[in-house]
1. Have a look at Arg65, Arg86, Arg120, Arg125 and point out the one that is touching a Leu at 6+ places or on another chain (Cβ under 9 Å), more than 28 Å from Ser180 (Cα to Cα), of a type in the set (Lys, Arg) and modelled with pLDDT of 90 or more.
2. Among the listed residues Thr107, Thr92, Thr52, Thr37, identify the single one that is open to solvent by less than 30 Å² (accessible area, probe 1.4 Å) and within 21 Å of the chain's Cα centre (by Cα).
3. Within the range 55-82, how many residues turn out to be open to solvent by less than 20 Å² (accessible area, probe 1.4 Å) and over 19 Å from Leu95 (Cα atoms)?
4. Return the pairs, sorted by first residue and then second, in which the second residue is among the β-branched types (Val, Ile, Thr) and modelled with pLDDT of 95 or more, the first residue lies in the range 161-181 and is under 20 Å from Arg119 (Cα atoms) and in a helix (DSSP H, G or I), the beta carbons are less than 8 Å apart, and the residues are 6+ apart or on different chains.
5. Quick check on this structure: which one of Thr62, Thr7 is more than 22 Å from the chain's Cα centre (by Cα), more than 30 Å from Asn132 (Cβ to Cβ) and outside any helix (DSSP H, G or I)?
6. Are any residues in the range 116-145 in contact (Cβ under 8 Å) with a residue 40 or more places away in the chain and open to solvent by less than 20 Å² (accessible area, probe 1.4 Å), and if so, which ones?
Amino acid sequence: PETALQTLGIFKQELELRREHEPSERWACRAAEIGATLSHTTQTAAAPEFFTIALRVFARRTDRREAFFIRNDRASAYADLGNLSRALADLTACLQIAEGMKDGAMTQQAHMNLGEIQRRKRDHRAASRHLNCSLSIARRLQDTRAEGDTLVLLALDAEDQNDTESAEASLRGAEELARSLKDRDLQARASKGRAGLEFNAGRFGAAATLYLRAARLLAGGP
């Protein structure tokens, strides 16, 4: 804990020095970088403060694209902390920004992330609406990776509602896309999802085979 506090103190001192000597957008970008770094450590709880510092600068500069990504990252940190309401608020703002900019890729991302948060809040109607919007946009943009990511989330939402048939169909679709992309991570997530369905159905041999496939796909990765 003491080391963590010292690290935060150093980051704050760095930002103060940058604030005095650098243009606002440069030290604000650094604040966002610090927030992202903290999000991937045991100090996630401190991350939103740094994202908020950055957001204030870019909100004043009306830099909507940068504000989108900062809010998106802050939402991820809030979600990891279990604060789904704040995550939802940030992602709703992200969707408004993306739609205002008429940016299809950003709109797809916002819908996908909103769908996952609504799923975790157990609002399956809202989750389904956002995830299907994400899927439709990804297909229109021919963004195969985004389509696969969305299918995995749709499978989770279907599984939460005990709709194993829909979950299986989504995961098989994701697997097919992953193979076309040669995306081992996406393929592993789809295999792992299917393994969970097989396990829940009591088909333990099939589950083991799929879990081993996922493990082999992830071997050597983080």
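1. On the way: Arg65 fails: touching a Leu at 6+ places or on another chain (Cβ under 9 Å); Arg86 fails: touching a Leu at 6+ places or on another chain (Cβ under 9 Å); Arg125 fails: touching a Leu at 6+ places or on another chain (Cβ under 9 Å).
Step by step, each of Arg65, Arg86, Arg120, Arg125 is checked, and only Arg120 is touching a Leu at 6+ places or on another chain (Cβ under 9 Å), more than 28 Å from Ser180 (Cα to Cα), of a type in the set (Lys, Arg) and modelled with pLDDT of 90 or more.
2. Step by step, each of Thr107, Thr92, Thr52, Thr37 is checked, and only Thr107 is open to solvent by less than 30 Å² (accessible area, probe 1.4 Å) and within 21 Å of the chain's Cα centre (by Cα).
3. Number of matching residues: 1.
4. Matching pairs, first to second residue: Ser170/Val152; Leu171/Val152; Ala174/Val152.
5. Working: Thr7 fails: outside any helix (DSSP H, G or I).
The match here is Thr62.
6. Listed by number, the list holds a single entry, Ile117.
The values are calculated or read from the model by the stated rules, or taken from the named source; none is laboratory data. Worth saying up front: this structure is predicted, and the values here are computed from it rather than measured. Note that each Cβ is placed from the backbone with ideal geometry, even for glycine, and that neighbours are counted across all protein chains shown. When the accessible area is computed, the model is the full protein with side chains, heavy atoms only, and any ligands, DNA or RNA have been set aside. Shrake-Rupley method; radii C 1.70, N 1.55, O 1.52, S 1.80 Å.
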